[in-house]
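Okay, so here's the structure we're looking at.
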Amino acid sequence: MAMTAADRAASTTGRTEAPRQAPARPAIALRDAGVSLGNRWVWRGADASIGEGEFVVVLGPNGAGKTTLLRVLLGLIPLQEGSVDVLGHRPQRGRRQVGYVPQRRALDRDLYVRARDLVSLGVDGTRWGIALPGARRRQQRAMVEEALHAVGASAYADQPVGQLSGGEQQRLLLAQALVTRPRILLLDEPLASLDLRSQAVVSSLVSGIARERGITVVLVAHDVNPLVSVLDRVAYVARGAVTIGRPEEVITSAKLSELYDYPVEVLRDSRGRIVVVGLEDRDSHHD
């Protein structure tokens with residue numbers, strides 16, 4: 001019988017390696033959580049626990065409440081029922097331990113703010129343009145340089161952001177979210193409007209930084225395929241419910257048909273890409 005890594009370690013050290021223990025407290029925990037906007041429940045009864053360092057992709061049709069979920073975790077929208085904990089506390093606005101990349105809008109080509117200045121807004125955007133004490137200014141510069149290096153944007157740090165490509169701008173927004181070295185990173189459709197190559201590059205970049213630093217990632221996307229190789233679990237938001245699990249558990253014909261109360265079929269094409277069909281008359285949507 002072949003020896004496992006643990007068996008080999010035991011044979012050389014005289015002891016067996018203990019299995020890795022799950023964190024005592026999850027990075028994010030939703031318990032019977034529900035949120036409404038106006039007189040409409042967006043979703044309710046949400047139970048989810050996301051561990052430290054886990055990479056979770058949030059899927060679902062437009063208007064289902066994916067961005068609302070991020071806004072709840074940011075402390076921008078309160079729950080109407082249940083509870084939510086982020087790093088062991090109720091969500092609060094402006095926490096440096098939580099980085100956020102909002103939905104990207106094309107930046108004006110005439111915007112001549114330097115790339116490094118855009119990133120520096122992540123340190124203390126409320127004080128941008130105000131002269132800081134020397135030590136504080138040097139510390140901020142070091143933080144910005146580190147973030148630029150982490151996302152591979154140092155080469156164009158002094159260029160106007162309006163003159164950069166969509167992929168380059170997305171790297172800068174990611175650097176802005178990373179500049180305070182957060183423990184959680186929330187990203188709202190960071191792959192939208194990017195070509196396939198840029199999607200793959202940004203997905204790999206986010207995953208690599210998160211694994212290296214132990215960052216918990218919650219990423220909203222319309223298409224799971226560029227992320228299949230880097231995610232741990234998916235959260236599917238549809239028809240007022242939030243379901244979380246492994247892709248093979250959640251993105252199935254039976255589960256999505258149950259979520260939508262409508263016949264749905266999940267297929268894989270010749271390249272292994274996931275395709276959801278059967279929603280043409282309801283919510284036009286492809287995973």
task = Out of the residues in the stretch 216-241 that are part of a strand (DSSP E or B) and in contact with a Lys or Arg (Cβ under 9 Å, 6 or more places away or on another chain), state the one that is nearest to residue 44 (Cα to Cα).
result = 241
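Select from the stretch 59-75 the residues that are aliphatic (A, V, I, L, M) and modelled with pLDDT under 95 and write down the one among them that is nearest to residue 219 (Cα to Cα).
Of the stretch 59-75, the ones aliphatic (A, V, I, L, M) are 59, 64, 69-70, 72-74.
From what's left, modelled with pLDDT under 95: 59, 64.
On the way: 59: 9, 64: 15 Å.
So, considering only residues that are aliphatic (A, V, I, L, M) and modelled with pLDDT under 95, the one nearest to residue 219 (Cα to Cα) is 59.
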message = Of the conditions (1) within 14 Å of the chain's Cα centre (by Cα); (2) of a type in the set (Lys, Arg); (3) more than 17 Å from residue 35 (Cβ to Cβ), residue 96 satisfies every one except a single condition; which number is it?
response = (1)
query = If you go through the stretch 198-212, how many residues are loosely packed, with under 15 Cβ neighbours inside 10 Å and either touching a residue at least 24 places away in the same chain (Cβ under 8 Å) or not charged (D, E, K, R) (or both)?
reply = 3
note = Restricting the stretch 233-261 to residues that are at pLDDT 80 or above, exposed (fewer than 15 other Cβ atoms within 10 Å of the Cβ) and not aliphatic (A, V, I, L, M), the one nearest to residue 204 (Cα to Cα) turns out to be 246
message = Let me spell it out: the conditions are (1) in a loop (DSSP other than H, G, I, E, B); (2) touching a Gly at 6+ places or on another chain (Cβ under 7 Å); (3) modelled with pLDDT of 75 or more; (4) surrounded by 13 or more Cβ atoms within 10 Å (Cβ to Cβ), and residue 112 meets all of them except one. Which number is the exception?
response = (4)
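Residue-wise test of (1) among the hydrophobic types (A, V, I, L, M, F, W, C); (2) over 21 Å from residue 57 (Cα atoms); (3) assigned to a loop (DSSP other than H, G, I, E, B); (4) more than 16 Å from the chain's Cα centre (by Cα).
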residue: 144; (1), (2), (3), (4): yes, yes, no, yes
residue: 152; (1), (2), (3), (4): no, yes, yes, yes
residue: 155; (1), (2), (3), (4): yes, yes, no, yes
residue: 167; (1), (2), (3), (4): no, no, no, yes
residue: 170; (1), (2), (3), (4): no, no, no, no
residue: 174; (1), (2), (3), (4): yes, no, no, no
residue: 182; (1), (2), (3), (4): no, no, yes, no
residue: 185; (1), (2), (3), (4): yes, no, no, no
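The values are calculated or read from the model by the stated rules, or taken from the named source; none is laboratory data. This is a predicted model, so every value here is computed, not measured. Cβ atoms come from the backbone with ideal geometry, glycine included; neighbour counts cover every protein chain shown.
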